1. Can you say whether residue 31 is in contact (Cβ under 8 Å) with a residue 12 or more places away in the chain, out of contact with any helix residue (DSSP H, G or I) (no Cβ under 6 Å at 6 or more places or on another chain), assigned to a helix (DSSP H, G or I) and exposed (fewer than 15 other Cβ atoms within 10 Å of the Cβ), as far as the supplied structure shows?
2. Does the range 73-111 hold any residues that are closer than 15 Å to residue 12 by Cβ and in a strand (DSSP E or B), and which are they?
3. So which residues in the range 15-61 are among the hydrophobic types (A, V, I, L, M, F, W, C), within 11 Å of the chain's Cα centre (by Cα) and over 17 Å from residue 94 (Cβ atoms)?
4. Is there any pair with a first residue in the range 1-15 that is assigned to a helix (DSSP H, G or I) and a second that is open to solvent by less than 80 Å² (accessible area, probe 1.4 Å) whose Cβ atoms are under 6 Å apart and which are 6 or more apart or on different chains, and what are they?
5. Mind listing just one residue for me: the one in the range 53-67 that is within 18 Å of residue 22 (Cα to Cα) and in contact with an Asp or Glu (Cβ under 9 Å, 6 or more places away or on another chain) and, of those, surrounded by the most Cβ atoms within 10 Å (Cβ to Cβ)?
6. Please determine, by comparing only the residues of the range 34-52 that are open to solvent by 80 Å² or more (accessible area, probe 1.4 Å) and among the polar types (S, T, N, Q), which one is farthest from residue 109 (Cα to Cα).
7. Sort through 25, 48 and tell me the only one that's free of Cβ contacts under 8 Å to residues at least 60 places away in the same chain, in a strand (DSSP E or B) and small (Gly, Ala, Ser).
Amino acid sequence: MTYSIHYYSESVQVQILSLPKTLQARYVALSLRMVSNGPNLGEPHTKAFGEGLFELRLKGAEGIARVFYCTLVDRRIVMLHSFVKKTDKTPLTERRIAETRLKEVKHADAR
């Protein structure tokens, strides 16, 4: 059984699809694997942060990007937030955006 990819908002989808070309290509390749194999591809491709938050780790010629996501009932993967990484550590502000959106998505899904 396959999974489906959803986006927190249209702006998140646009942001992800506006990444530099090699990062876009990596996103497409990994998201297709997630649809067929499930959301946990294991490191170095995905990493769990706990409480249902995960990151998709993209690396290409133009740099490094991260896409935070979560999984929901009915095999839905929701892309919450993305950013191009400029430092070794994930900035706390980027993670907080994803955590806030995760809470919103889970709350809406529980209804």
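The values are calculated or read from the model by the stated rules, or taken from the named source; none is laboratory data. As the structure is a computational prediction, the values presented were derived from the model and not from experiment. Neighbour counts are summed over all protein chains in view; Cβ atoms, including those assigned to glycine, are modelled from backbone coordinates with ideal geometry. Heavy atoms of the whole protein, side chains included, go into the accessibility calculation; ligands, DNA and RNA do not. Shrake-Rupley method; radii C 1.70, N 1.55, O 1.52, S 1.80 Å.
1. Judged against the criteria, residue 31 is not a match.
2. 76, 77, 78, 79, 80, 81, 82, 83, 84
3. Hits for the range 15-61 are 30, 34.
4. Here the result reads 12/79; 13/7; 15/82, each pair linking the range 1-15 to a residue that is open to solvent by less than 80 Å² (accessible area, probe 1.4 Å).
5. Only one residue tops the list, namely 67.
6. Checking each candidate, the answer is 37.
7. After ruling out the rest, the residue left standing is 48.
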